[in-house]
1. Scan (1) among the β-branched types (Val, Ile, Thr); (2) closer than 24 Å to Pro422 by Cα; (3) assigned to a strand (DSSP E or B) for the single condition Val212 breaks and write down its number.
2. Could you list, ordered by first residue, the pairs with Cβ atoms under 8 Å in which the first is in the range 429-454 and within 16 Å of Thr366 (Cβ to Cβ) and the second is open to solvent by 20 Å² or more (accessible area, probe 1.4 Å) and part of a helix (DSSP H, G or I), at least 6 apart or interchain?
3. So, in the range 97-135, how many residues would count as being surrounded by fewer than 19 Cβ atoms within 10 Å (Cβ to Cβ), in contact with a strand residue (DSSP E or B) (Cβ under 9 Å, 6 or more places away or on another chain) and more than 25 Å from Glu160 (Cα to Cα)?
4. From the list Ala733, Ala771, exactly one residue is surrounded by fewer than 19 Cβ atoms within 10 Å (Cβ to Cβ), touching a residue at least 24 places away in the same chain (Cβ under 8 Å) and either touching a Ser or Thr at 6+ places or on another chain (Cβ under 8 Å) or closer than 23 Å to Leu98 by Cα (or both). Which is it?
5. For the range 737-757, does any single residue satisfy the condition of being within 24 Å of Glu817 (Cβ to Cβ), under 28 Å from the mean Cα position of the chain (by Cα) and free of Cβ contacts under 8 Å to residues at least 12 places away in the same chain?
6. With respect to Gly695, is the statement that it is under 11 Å from Val522 (Cα atoms) and open to solvent by less than 30 Å² (accessible area, probe 1.4 Å) true?
7. Tell me yes or no: at least one residue of the range 734-751 is touching a Phe, Trp or Tyr at 6+ places or on another chain (Cβ under 8 Å) and either in the same structural domain as Ile802 (by the TED database) or of a type in the set (Lys, Arg) (or both).
8. Can you tell me which of (1) modelled with pLDDT of 95 or more; (2) assigned to a loop (DSSP other than H, G, I, E, B); (3) in contact with a Pro (Cβ under 8 Å, 6 or more places away or on another chain) is the one Pro777 doesn't meet?
Amino acid sequence: MLRPGALRLRGLALRGSPRRPSSAGLREGQESPASPPEWKDRAETVIIGGGCVGVSLAYHLAKAGMRDVVLMEKSELTAGSTWHAAGLTTYFHPGINLKKIHYDSIKLYERLEEETGQVVGFHQPGSIRLATTPVRVDEFKYQMTRTNWHATEQYIIEPEKIHELFPLLNMNKILAGLYNPGDGHIDPYSLTMALAAGARKYGALLKYPAPVTSLKPRPDGTWDVETPQGSVRANRIVNAAGFWAREVGKMIGLDHPLIPVQHQYVVTSTIPEVKALKRELPVLRDLEGSYYLRQERDGLLFGPYESQEKMKLQASWVTHGVPPGFGKELFESDLDRISDHLEAAMEMIPVLKKADIINVVNGPITYSPDILPMVGPHQGVRNYWVATGFGYGIIHAGGVGKFLSDWILHGEPPFDLIELDPNRYGKWTTTQYTEAKARESYGFNNIVGYPKEERFAGRPTQRVSGLYKTLKSKCSMGFHAGWEQPHWFYKPGQDTQYRPSFRRTNWFEPVGSEYKQVMQRVGVIDLSPFGKFNIKGRDSTQLLDHLFANVIPKVGFTNISHMLTPRGRVYAELTVSQQSPGEFLLITGSGSELHDLRWIEEAAFRGGYDVEIQNITDEFGVLGVAGPYARRVLQKLTSEDLSDDAFKFLQTKSFNISDIPVTAIRISYTGELGWELYHRREDSATLYERIMSAGQEEGIGDFGTYALNALRLEKAFRAWGSEMNCDTNPLEAGLEYFVKLNKPADFIGKQALKQIKTEGLKRRLVCLTVATDDVDPEGNESIWYKGKVVGNTTSGSYSYSIQKSLAFAYVPVQLSEVGQQVEAELLGKNYPATIIQEPLVLTEPARARLQKDGKKTNLEKGPSRTTKL
C-alpha cells in the first residue's frame, strides 16, 4: 500500500459494478433498455458488438443511406470496455493518418447532441502534454512539423502559459508543453446512446440481447448469422465485438491477435483548490510520469500506464476464453501496481497529496500487438470486416465509424490507413508474440517516439529469412511484417547499439560506407521480406490487365505496375514478371503482402476470373546483388550469359547459380546494375556464402535498407506508402510512365484517372535538396512558403553523393518548378530547400545508354542531367 502522507484510500470494495465517473451525471446503474422485438431475415450489413465503435459504424452506415443495417449485441450497449472508459478525446496522434480519425471523431462529437437530442457530456478544456527533458522538447518539435500541414490546432507553449492554463502544477521541472485547445473528454455511455439514437433515426436496427452463436459463409459471399432469436443473412459482417472479438473470429477459423489488458484509473473526492477554479482544467499528460489526469467534477481523475514489468494482461481470456456473462464487471483494484505513478502525480500536482480516492476502476481494454486497432476487410474470408483491438476506442469510434462506412459504401478506403489494416498480421503472429508485444506496447505508451523506432519484444518470430543466423551478429535488424531484415551493418570497433535520435546517430557513417560499397564496388542485401505471389490460369492475363494500369509484360520480362482504386488512387505498386505464357510472379513490399493479396483475390472473385493465386512469400528468399561489379561476380557462378545483350534490363530468367536454382530479375531498387535472385528459402545461406566468396576480389560487402533508401531517393524512385498511396493519384506522384491510359483494357481507376487528367493537377511531387545541419528529413514534415504551410515531405535521407539532405515533397503545381525556393521544417527550424531536376543521380541503364551515345552522365557532370529510365 502507499506510504503515510500519500493519498488516503477510501471505498475500495470494487467487485461487481462500482460507480463509473460520468461527465454527463448519469444515474448510477442506469442501463440501456432491451431493444424492441423487431427482426430482419436479410441485412446488407450485420455489425457484431454494441460498444461505441460498433454503434458508430451503424450510425454512419444508416446516415449515409444504407438500408438494412443490423447491429447485434450479446448483452447491452456499452457492455465490455466502453462503459468504464475514461473518455479522453484528443486531436493528437504521433502518426499521420490517425490524426484524421481523431479529427473526424471530435467534429462528430461536437455536433452529435444537437443532431440526436441526446446529451453526450462533451467537455473541451484542451490538453497539455508536458516536456520535462530536452529530448521531449525535441519530440514536440518533431510532432509539430508533422501536424502543421493538417487541420489540427496544436502549439508548443512555454511554462508561463502552462501554469496559466493549469495553475495547480509544480513547475520546477517543466520545460515546455504541447497544447491542443480542442481536446477534452466525453461520457462514453452518453456518447454511445446518442450514436444509437442517431442510428435508429436513420433506419438501423440495434438488437440486444442478441448473442451471435454461429457464422456460416455461403458460396456467394454472403453470411448466415445465427442467434437464439433466429438467423439473418447478411451481405457482409463486421466484427466489432471488443474483447469478445477473438471468440467471434474463432467461429470462422480465425485467430485474431488480441489480448485484454487491465487498465486502472482512480477518481478523487472534491479538492478545494479544484472547486475554486473558474474554468475547467485542461487534460494533463505527464509523459515521464506515464499518466493522464483530468478534472472530474470538483475532483481529479488519474490514469497511469504501468511499465511492461508491472502491467497485467488478462492472458487467461486468450487461452480459456472470456468468462460467460462478463460484460459490466471489473477486476480487483491493485494500487500497489500503480504506486510509482501516483507518487509522480503527487509531485507534479501537489494538491493530490490531500485528496481522498473515492473510486478505482480496473477494467479490460483490448490491445493488438502494436497497440493500434485492426480496421477493414480481412484477407482470406470474403465480406468479413473487423473493427477490433481499440486501446483508445472513445477517440477512435467516431472517425473509424465514418472511415469504415465510406469504405464499405464506395469500395475503397477514403484515405490511406494501412497502419490499421488487419492484414498486417499473419500466421507468424502467435499468442506468445501477441502477449509479448501487447505488454511492451502498453508499457511504452508514453516513451519518446523517435523516427526509425524499433521495439524488440517478441522478436524474432518464426518468420526469419535463411540468412538471419548468418547476419544477426553483423548488423542492426529491423522488423518488417514478422521478418528480421538488416537496416545497417557495423564494422569492428563501431558502436553497435540501438541509439534512436531525432538527429544523425551512430548508423550515419556506416550507412555512408554501404552507399559507397554499392556505388563503387558491389553489395548484397537480403530482400526476403518481399511479398511474393504466383498467378496462373486461363484468365490470368485478363485479370492482371484489369488490375494494373501498366501493360502486361511479355514472357521473360518484368515491369513496375500499379493497382489503382476506382477513384484513381494508388492502392499498390508491384513488380510483375511473366515467367511463362499466362504464369506471373508478382512482388510487393513486405508491409503490403496480405493488403495486396486481398485486393487481387477480391477482383478475381468479383470478375469470375479462372485463375489460381498462390502466396509463396514464406517459401522463397530473395538476395539483391547490386553495383558496377555485380555482373562480374555473378558470372563466375553460372554458365548463363549475363552480358547486357543477353540479359537486358527488366528481363527475367530461371537458371542455376552455383547449382542453386534461382529466378533472376535484372532490376534493383538501388538504380545500379543489379539482379534480384529468387530462390528456395532453405538455400539462402548457401547462395549468400557462395556469392560473397566469389566477390572477394571485387571487394564485395553487405548493405541494408537504410543505404537502399538513400540510393533510391537519389534515383528519384518512388516508394509505396510514402510517395504514393490511397491519398495520391499516379499523375501527381510522377508515375505517368507506368500508366497506360491508351491500353485497351478498362483497368480499375482508368475512367477516374482520365477525369483527373482532364481537370488538371493541383499539386505535384518534387525532389528537394535541404540545407540542414545535423538533422535529415524523414517524411511528413511541413513545407513552408512565404510564412504559410503549402505542402509536406513524403520521405527523405542524406545524399552521400552531394552531401546534402534530400527529400520528396508534395507542393502546389505553381510552386513545383525546378529552382523554386521553399522551406522544410525540421525540429522547430525552417531550413532552405530547393526543388531540383530529378533524378539527382542517373540510373545505371540510363548511364549505359548515354555512354553508348557518347554523352557524359550526371556522375561526371553533376546533378543537372534529366534523362530518365
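The values are calculated or read from the model by the stated rules, or taken from the named source; none is laboratory data. A quick note: this is a predicted structure, and the numbers were derived from the prediction, not measured. For neighbour counting, all protein chains shown are included, and Cβ atoms are generated from backbone atoms with ideal geometry for every residue, glycine included. Accessible surface areas use protein heavy atoms only, side chains included; no ligands, DNA or RNA. Shrake-Rupley method; radii C 1.70, N 1.55, O 1.52, S 1.80 Å.
1. The one condition Val212 does not meet is (3).
2. Sorted first by the residue in the range 429-454, then by its partner, the pairs are Thr431/Thr319.
3. Final tally of qualifying residues: 0.
4. Exactly one of Ala733, Ala771 is surrounded by fewer than 19 Cβ atoms within 10 Å (Cβ to Cβ), touching a residue at least 24 places away in the same chain (Cβ under 8 Å) and either touching a Ser or Thr at 6+ places or on another chain (Cβ under 8 Å) or closer than 23 Å to Leu98 by Cα (or both), namely Ala771.
5. no
6. yes
7. No, the range 734-751 contains no residue that is touching a Phe, Trp or Tyr at 6+ places or on another chain (Cβ under 8 Å) and either in the same structural domain as Ile802 (by the TED database) or of a type in the set (Lys, Arg) (or both).
8. It is condition (3) that Pro777 fails.
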